[in-house]
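Everything below concerns the one structure shown next.
The values are calculated or read from the model by the stated rules, or taken from the named source; none is laboratory data. Keep in mind that this is a model prediction, so the values were computed, not measured. Quick reminder, even Gly has a Cβ in these numbers, built from the backbone with ideal geometry, and neighbours come from all protein chains shown. Please note that ligands, DNA and RNA were not included when accessible areas were found on the heavy atoms of the full protein model with its side chains. Shrake-Rupley method; radii C 1.70, N 1.55, O 1.52, S 1.80 Å.
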Amino acid sequence: MTILGFFPTPVWVEQLPDDEAAEINRQAIDLIESFRGHLPGVGPEDPWQTPNDLQDRPELAPLMARARQTVSAALESATNFIQGLAR
């Protein structure tokens, strides 16, 4: 994981491998398109909102697992960074 010092607050950057990103994107797009199919007359420019439980959908389990993994790594990195400042 890379820490970029653009601002007084570090920014953590995580890049998914292409194959993993493609699969997560495919699953997310399929799920979102399934919601739009139930909204007749809603065009691409029309406002609409997805359900508020996307994080609990089995289709997005790989995305949520990766998010938890990335946040955990960022927290560990932040802890190490802060401990290094205290030395």
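Observations
- Screening Thr50 with (1) touching a helix residue (DSSP H, G or I) at 6+ places or on another chain (Cβ under 9 Å); (2) assigned to a helix (DSSP H, G or I); (3) in contact (Cβ under 8 Å) with a residue 12 or more places away in the chain; (4) not aromatic (Phe, Trp, Tyr) gives one miss only, at (2).
- If only residues of region 1-37 that are within 30 Å of Leu75 (Cα to Cα) and of a type in the set (Ser, Thr, Tyr) are counted, the one that is surrounded by the fewest Cβ atoms within 10 Å (Cβ to Cβ) is Thr9.
- The single condition from (1) under 15 Å from the mean Cα position of the chain (by Cα); (2) open to solvent by 50 Å² or more (accessible area, probe 1.4 Å) that Pro40 fails is (1).
- Considering region 43-75, and only residues there that are exposed (fewer than 13 other Cβ atoms within 10 Å of the Cβ) and among the hydroxyl-bearing types (Ser, Thr, Tyr), the residue that is farthest from the chain's Cα centre (by Cα) turns out to be Thr50.
- Checking Ala78 against (1) in contact with a Leu (Cβ under 9 Å, 6 or more places away or on another chain); (2) open to solvent by less than 50 Å² (accessible area, probe 1.4 Å); (3) of a type in the set (A, V, I, L, M), the condition it does not meet: (1)
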